[in-house]
Amino acid sequence: MKTRSMRAACFFVSLVGAPACVPPDEAEETGSIEFTFEASARTREGISFDDTEERIAVDFERVVLGFKTMTIGKIGEPDLCAYRGRGAASDVVFDPRKGLVQSFNGIQPADCPDVGIIFGPPGARTTLGEGVSSSDLVELATGRPAHAIVEATATWMLQSSAGTRPRTLAIKLRFDSERTATRFAGCRAAARGVRVLPNARDAVTVRFAAENLFRDAISTSADLRVRPFFEADESGDRDGVVTMAELDDYPLSRIFYGFYQLPDGTRRGSLGDFVRALFRFTIQFRTEEGICVGNEPGSGEEG
Amino acid sequence: MRTTPACARLAIALLLSSPAVRAQPATEPAGAEPPPPPVEDVVIRGERSAAGAAPSDSLARTEVRQLPGAFGDPFRAVEAMPGMTPVLTGLPYFYVRGAPPGNVGYVFDGVRVPYLFHFALGPAVVHPALIAKTDLYRGGYPAALGRWAGGVVEATAMPPAERLHGEAQLRVFDAGALVEAPFAEGRGSALAAARYSYTAALFSLLSSDVTLDYRDYQMRVAWSLSDRDTISLLGFGAYDFASQRQTIDPSTRPVGLDPRGTSPYTVDRVLFASEFHRADLRWDRTLPRGGRLRAAATFGFDRTRVEARRAGSDVMTAARLEIVQPLSPEVTVRGGADVVLDHYGGDALGPFADDDDVVRRQRAIFVDRLDFATGARVDAVLALLPRTEVVPGIRFDVYGSQDARAFAVDPRLAARFSVTDRVRIVHAYGLASQPPSLPITLPGITIAGLRGGLQRAVQTSAGVEADLPEDFTASVGVFHNAFYGLNDALGNARIEIIDVERSDSLLDKSRGSAYGLEFGIRRKLTRRVAGILSYTLSRSMRTVGGRRFVSSYDRPHVLNAAVSVDLGRGWRAGARYVGYSGIPMSPATPAFPEQIVGVPPERTPAFHRLDARLEKRWRIGETGWIAVVLEGLNTTLSREVTGYECGTELRLPDRPVTTPTCTERVIGPVSVPSLGVEGGS
């Protein structure tokens, strides 16, 4: 702003007996938080033979998430961290390998420790993100509504006297919203949440780590194991395709390796229950060590 | 969480501006000035407008007072004229023969003003007693008017009075007064007027966090240097302010960020603020044979602040020269030249103050720069044949903004043929050009760099005027306007006025056309039973990217009907009906094949409202008077449907399909009651 000319103008105005010039705006300068949803490196490039205990490789072929919205704030302080504008594309079905950007601008400087992510099944107003088609959306919405689909091919290099022969398994996982975490909260990396500074944008990466669905314990640092999925198919229809239904029919009590226990410490459940519980730990916040923890389905926890 | 800046966005949408340059003396000796092209003289005090102005369109200022819903403001009276299509009830923003509100120019006594009304439904920014007449030019206007591609509203100040006089108003929300006194035995005259709103105090009494305030002022000093020369200084301005108080708690901030300590403090966050000030120093000289010359220099300052720390300002410096010279009883030449420098300053949105695309677009608007416009024009009033008057004219304009330059040549032609003493045929044609504009213009804020080039309009109209018995006058006409390079985010996109600042079509260009029929009949409002009726039948189209469609603010039917009755003993009552068609609707396109979108009606419902006015007036002495006025805009508390919110459904193989419905988006009732006391002498 050219203050000299404005001062001259105001001076002139005062000479002719005008009302005062409009006062300055005391509103604070604002900042921005930009979340970029991505897929983890293993979700993008696959799980290699060396990554798993059984030397089973996994290639992810289809990853679809039903995203609803994000929340930024401080619990108990509803006026903090409010943003200006449309915010970001909410209610969208997307492939995290193609990315999704959520920009929240016009936020007054503040510490916003409570960041949450809400997933959910698509509805009539859902839009399509990059890398998905309306058939993905319909598949999520049809039947028991779901908010995530993960499909992969596992390749197990079996050793035999005849040599090495690969055995493949198609893994088709559909996470219904009734039994799977939809709200992820308490996002933290080195610090909790985000910090808004004036005239600055904090770029935050949020990664979907599909590989965490193959942990052998409820932990993001547990070993990766795929063998139970082969066993579930063997226990089921042996068609080389394992579905969530087959995982639900395969009790954890039949797995004698790893630490396949549900969050309550029991093994009274199925492999399907276990994988759905692992879904709570599939969101990485800022770094691979950062995390947003999914709610326990039916607990009513808010993100 | 999300902020709801609707208040601020509405504020942004609530002021208009346009540039202008033209000046004419307030009154002319009878017969001194040949008739101008057809205009609608809405307000005249004293004698009628110069010969040739359509008498059916003339109203005395006292008559304007009687127009219900106009609150005595001459500028509001123009909305009752044919060709005016309202955007939203009560708001003084109009499409004029298809041209968007941003293409409508406002001029007060030869000086361009950014807007004519205070914030929202506020009163006019010029005291009504200072306005001698207001002309509404809907198209094909004189060469003296330029740099707009739509209509022009031109108000002329009252000439200096020869006696001490004054007026005052006291209303629920504001008070205003005007006083003028001659001095030095009539060689000089001084005038001062002001209006002050006490809304801020009222809000404060209500312990509101919101501050709303408006003021305006006018002053004029004139001095006769000789019988032929007069020098005068006209100053005026207006101020509007709306803010919200906010408490900041430093404990919620990142550590070390807040230099003001740890105790909570309050700040005033501007939602909307604007001001403009003008000083016009002019020298008027009377030339032989009734000619006149005016040389004037104008200094102005405009500023707008809107939410998110955006501000735009304009320091305007201008000079103009105007001459009117009758060469013979049949030929009068009018000419002029001017130059306007606009030094714009802009505080754009901060880098992350709004959605990235909004920030990017608005950086094309809030730009520090020096713009200029200069031009010359000439026309001639030719009455070479009996009962015939032809006014050919042309104006040349050069525009500059940043590195961009543009040149416009705008020819004009108007003609009036008197078929009989009571019946006239009127034609008006012209090309009009305008730099890029916002659909709703704000003081000090325009589109920089002549982005997209000039807007141009080809304006044509023809009609018949007739003087009827019993003081009735009538006019009927047809018009066709074609627009090129138009900036009309409102008409191009299905957005509401409060969303215009965020529209991604804010900088888009379009083509368009508008055609229609205008009909008006009125009986002088000074008669015991008086009235005015105007009707416009029109169609407005837009073309964007090869797609032609009906403008989003196309309203085929607009009807105004007002009646005022003198009840005797100083009582006068009036009512005005305003009705217009809804705006066109179209269903949203499904985002994907399985999505079913609700289908709204083809148009929103028609809107109707009734304004009313009741006045009791007492005379005091020879010239004094006092009146109590009760007036209401939209006494029927009508609500206007601005659009539809349509549901969507998903077509799923395992569920029955239901048809989504649409619900009305309604605004209002926008209703303004007013009780006041007026007096003067």
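We did not get these values from a lab; they are worked out from the coordinates using the rules stated. Please read these numbers as outputs of a predicted model, since none were measured by experiment. So basically every Cβ, Gly included, is an ideal-geometry build from the backbone, and we count neighbours across all protein chains shown.
Observations
- Qualifying aspartates and glutamates (Cα of each under 20 Å from Cα of A:Lys98; at least 8 residues distant if same chain): A:Glu34, A:Glu38, A:Glu45, A:Asp59, A:Glu61, A:Glu130, A:Asp136, A:Glu139, A:Glu151, A:Glu211, A:Glu288
- Among A:Thr52, A:Val93, A:Ala82 the positive-end extreme of the charge dipole of segment A:34-102 (Cβ point charges): A:Ala82
- Peptide B:272-278 is shielded by partner chain Cβ atoms: per residue, an average of 4 of them sit within 10 Å of its Cβ.
- Between A:Ala170 and B:Val419, the modelled label-to-label distance comes to 8.2 nm, taking each label 7 Å out from Cα in the direction of the beta carbon.
- Here segment A:26-294 carries DSSP beta bridges of which approximately 80% are antiparallel, counting only pairs with both residues inside.
- Cα-based radius of gyration of segment B:581-647 once divided by 2.2 N^0.38 Å, which approximates compact folds: 2.15
- Number of partner chain Cβ atoms within 10 Å, mean per residue of B:315-326: 1
- Beta bridges from DSSP with both residues in the protein assembly as shown: antiparallel share about 95 percent, rounded to the nearest 5.
- Amide hydrogen proximity for A:Leu100: with H placed 1.01 Å from N in the peptide plane, the residues at 5 or more positions away or on another chain lying under 5 Å are A:Phe37.
- Considering only B:Ala474, B:His118, A:Thr142, and ranking their Cα positions along the charge dipole of the protein assembly as shown that arises from unit charges at the beta-carbon of Lys, Arg, Asp and Glu, the one farthest toward the positive end is B:Ala474.
- Cα radius of gyration and Dmax for segment A:224-284 (Å): 11.3, 34
- Above-threshold pairs, the threshold being 26 Å between Cα atoms, out of A:Lys74/A:Lys172; B:Lys133/B:Lys509; A:Lys68/A:Lys172: A:Lys74/A:Lys172; B:Lys133/B:Lys509
- Annotation: amide H-H contacts under 5 Å for B:Tyr106 (H modelled 1.01 Å from N, sequence separation of 5 or more, or interchain): B:Ser18, B:Val113, B:Val153.
- Projected-area mean, segment B:371-524, by convex hull of Cα positions, square nanometres: 11.8 nm²
- Sequence of A:Asp59, A:Asp273, A:Asp114 once ranked by neighbouring C-beta atoms within 10 Å, starting from the fewest: A:Asp59, A:Asp273, A:Asp114
- Local net charge near B:Gly546, Cβ-Cβ under 14 Å (Lys/Arg +1, Asp/Glu -1): +4
- Ordered by the number of other Cβ atoms lying within 10 Å of each residue's own Cβ, fewest first, A:Glu211, B:Glu622 fall into the sequence B:Glu622, A:Glu211.
- Measure of compaction for segment B:524-594 (Cα Rg per 2.2 N^0.38 Å): 1.88
- Cβ-based charge dipole, the protein assembly as shown, positive-most Cα from B:Ala457, B:Ala337, A:Gly272: B:Ala337
- Cα gyration tensor shape of segment B:104-205, rounded if a/c is under 1.5, else prolate or oblate by comparing a/b with b/c: oblate
- Point-charge dipole on Cβ atoms (K/R +1, D/E -1) for the protein assembly as shown, about Cα centre, debye to 20: 2620 debye
- Within a Gaussian network of chain A (alpha carbon springs, distance under 10 Å), most fluctuating of A:Met70, A:Met244, A:Met157: A:Met157
- Helix A:3-15 and the longest principal axis of the Cα set of chain A meet at an angle near 40°.
- Multiplying each eigenvalue of the alpha-carbon gyration tensor of chain A by 5 and taking the square root yields semi-axes of 49, 18, 18 Å, largest first, rounded to whole angstroms.
- Taken about its Cα centre, segment B:545-629 carries a charge dipole of about 360 debye when Lys and Arg each add +1 at the Cβ and Asp and Glu each add -1 at the Cβ.
- Between B:Ala406 and A:Asp249, the simple label model (points 7 Å from Cα in the Cβ direction) yields a spacing of 7.2 nm.
- Amide proton proximity set for A:Gly290, modelled H, under 5 Å, gap of 5+: A:Phe285
- Calculated Rg and Dmax of segment B:328-383 using C-alpha coordinates, Å: 21.3, 65
- Here the Debye sum runs over all C-alpha atoms of the protein assembly as shown as equal scatterers in vacuum, and log10 of I(q)/I(0) at q = 0.04, 0.06, 0.10 Å⁻¹ comes out as -0.26, -0.54, -1.14.
- Taking the helices alone, the protein assembly as shown has a mean residue ellipticity at 222 nm of -2000 deg cm²/dmol, built from -39,500 (n - 2.57) per DSSP H run of at least 4 residues and averaged over all its residues.
- Neighbour counting of Cβ atoms within 10 Å sorts the residues B:Ile521, A:Ile117, fewest neighbours leading, into B:Ile521, A:Ile117.
- Span from the segment B:600-646 Cα centroid across to the segment B:85-145 one, whole angstrom: 19 Å
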